[in-house]
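What follows is one structure encoded as structure tokens, with my remarks underneath.
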Amino acid sequence: MGTHEKDNFLQIYDWASDWQQLPWAHDEPTLYLAEICNLREPGTALDIGCGSGMDSVYLAKRGWDVTSLDFVPQALAFTQQRAEKAGVSVTPVETDITEWDVPQQFDLVLDHGLLHNMDPVRFAAYRERIVKAVAPDGDFVMLHWHPLYPGQPQGEVGPTRTPREDVEAFFTPEFQVRYFAREDYADMNDSVGGGFTNAYYWFRPNPIHLRPIELIDQVKATLTRHDVDFEAIIADAGDGLVGADLPPKLMARIVGPGRLSITPETPQPDEAATILREWAEQTGQDPNYVENLLYIFADAKLANLCTPNPRCDVCEVQFCRRLRHR
């Protein structure tokens, strides 16, 4: 982090006699952490910019092996003091995340307000570390200031407001949003623009991007289970398409974020086939083969699986968003 930014934070910590005086102190764990703790067994967690230590200590009390990272020594001191008082321990790391050599992957990574305080010149380094730090089946939770209303100007002080679509695009395609929530603060000091929104993001790694061949194998496994000789059907089609009559709007739903998440936004129906073929080419697969495979998968006269009313109960495509979120 730049010298002027670090100096600002050092001044705030020098002024604060305890963690409760920090402007970003909070008494409850960051949104989604409790739910994640209820959904999965404790694992390794990385709290980036641990600040007052609230989230690090909460996770440690829930059984997580927590690494608390901050470039301000006093932030780590507050965090360790709170951990000792709670009868738990955390691993402190004094460093700037954009300069850190990420030593391992973590089951949970948390950023409670770090990115929105960062100089944009370090965004690429930050993103690179997040991609490295989050395990393939991990969770990434982030709090980021959001405009209170479209076009709201930045305040004289305080974090940078960034619209939701820009934040999500920043982490695409490696991540996709599982949940999004906002909490509005509409009557604040003029120095922070009169108000802001706390936006909470729960990201998961996008397996379609990370392991595309596995997606195709899952589609094949489901077709094989239902005795669909897809290889013969594709061979008979030659250079043509087996699903010429398939509604384009159905393919748009399949490649969109509601199902396979090949694209982060639901495309226009006439764009879906192009998006699918480009994805296949980028991942080293035969575009014609992949397109025909998914046509077979969706066609009511062939496999009759990924239809407008998909038969998720008999599907084995675990990378599909519908199955992963059930």
Original post:
Of the numbered conditions (1) in a helix (DSSP H, G or I); (2) farther than 24 Å from F123 by Cα; (3) among the charged types (D, E, K, R); (4) at pLDDT 95 or above, R82 satisfies every one except a single condition; which is it?
Top reply: (4)
Subject >> Selection count where residues are part of a loop (DSSP other than H, G, I, E, B) and either in contact with a Ser or Thr (Cβ under 9 Å, 6 or more places away or on another chain) or basic (K, R) (or both), scope the range 190-228 >> reply: 3
Subject >> From D47, D55, D70, residue being under 19 Å from the mean Cα position of the chain (by Cα), more than 29 Å from F319 (Cα to Cα) and either buried (at least 19 other Cβ atoms within 10 Å of the Cβ) or of a type in the set (A, V, I, L, M, F, W, C) (or both) >> reply: D55
Original post:
Do you know which residues across the range 127-162 are in contact with a strand residue (DSSP E or B) (Cβ under 6 Å, 6 or more places away or on another chain) and assigned to a strand (DSSP E or B)?
Top reply: V134, A135, P136, G138, D139, F140, V141, M142, L143, H144, W145, H146
Original post:
Quick check: anything in the range 15-30 at pLDDT below 90, of a type in the set (D, E) and in a helix (DSSP H, G or I)?
Top reply: no
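Rundown of residues vs (1) aliphatic (A, V, I, L, M); (2) at pLDDT below 95, yes/no style:
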| position | (1), (2) |
| --- | --- |
| E271 | no, no |
| Q282 | no, yes |
| L294 | yes, no |
| K301 | no, yes |
| L305 | yes, no |
| D313 | no, yes |
| E316 | no, yes |
| F319 | no, yes |
| H325 | no, yes |
**OP:** Output the number of residues of the range 180-214 satisfying the condition of being over 9 Å from the mean Cα position of the chain (by Cα) and within 21 Å of Q318 (Cβ to Cβ).
**Re:** 8
**OP:** Might you let me know whether the range 300-311 holds any residue that is without any contact (Cβ under 8 Å) to a residue 24 or more places away in the chain and either farther than 19 Å from E231 by Cα or crowded, with 17+ Cβ neighbours inside 10 Å (or both)?
**Re:** yes
Original post:
Can you name the residue in the range 43-78 that is of a type in the set (A, V, I, L, M, F, W, C) and in contact (Cβ under 8 Å) with a residue 60 or more places away in the chain and, of all such residues, is nearest to D107 (Cα to Cα)?
Top reply: A45
**OP:** For the range 131-182, name all the residues that are among the aliphatic types (A, V, I, L, M) and without any contact (Cβ under 8 Å) to a residue 60 or more places away in the chain.
**Re:** V131, L148, V157, V167, V177
Original post:
Among all residue pairs at least 6 apart or on different chains, which show Cβ distances below 9 Å where the first residue, located in the range 108-125, is within 14 Å of F203 (Cβ to Cβ) and the second is part of a helix (DSSP H, G or I) and of a type in the set (S, T, Y)?
Top reply: L110/S56; D111/Y126; L115/Y126
Original post:
Mind checking which residues of the range 242-267 are out of contact with any helix residue (DSSP H, G or I) (no Cβ under 6 Å at 6 or more places or on another chain) and farther than 20 Å from I208 by Cβ?
Top reply: A244, D245, P247
Subject >> Verdict on L114 being in the same structural domain as R40 (by TED's automatic domain parsing) and in contact with a Leu (Cβ under 8 Å, 6 or more places away or on another chain) >> reply: no
Subject >> D245 being outside the structural domain of H146 (by TED's automatic domain parsing), in a loop (DSSP other than H, G, I, E, B), among the charged types (D, E, K, R) and surrounded by fewer than 19 Cβ atoms within 10 Å (Cβ to Cβ) >> reply: yes
Subject >> Subset of the range 120-148 [charged (D, E, K, R) and at pLDDT 95 or above] >> reply: R127, E128, R129, K132, D139
**OP:** Using the structure shown, decide if D227 is at positive phi, surrounded by fewer than 20 Cβ atoms within 10 Å (Cβ to Cβ) and either assigned by TED's automatic domain parsing to the domain that holds V177 or at pLDDT 90 or above (or both).
**Re:** yes
Original post:
Any chance the range 315-324 includes a residue that's crowded, with 17+ Cβ neighbours inside 10 Å, touching a helix residue (DSSP H, G or I) at 6+ places or on another chain (Cβ under 6 Å) and closer than 17 Å to P173 by Cβ?
Top reply: yes
Subject >> Subset of the range 85-94 [over 17 Å from H112 (Cβ atoms), among the β-branched types (V, I, T) and in a loop (DSSP other than H, G, I, E, B)] >> reply: V88
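The values are calculated or read from the model by the stated rules, or taken from the named source; none is laboratory data. If you're wondering where the values come from, they're calculated on a predicted model, not measured in any experiment. Don't worry about glycine lacking a Cβ; one is built from the backbone with ideal geometry, like all the others, and counts go over all protein chains shown.
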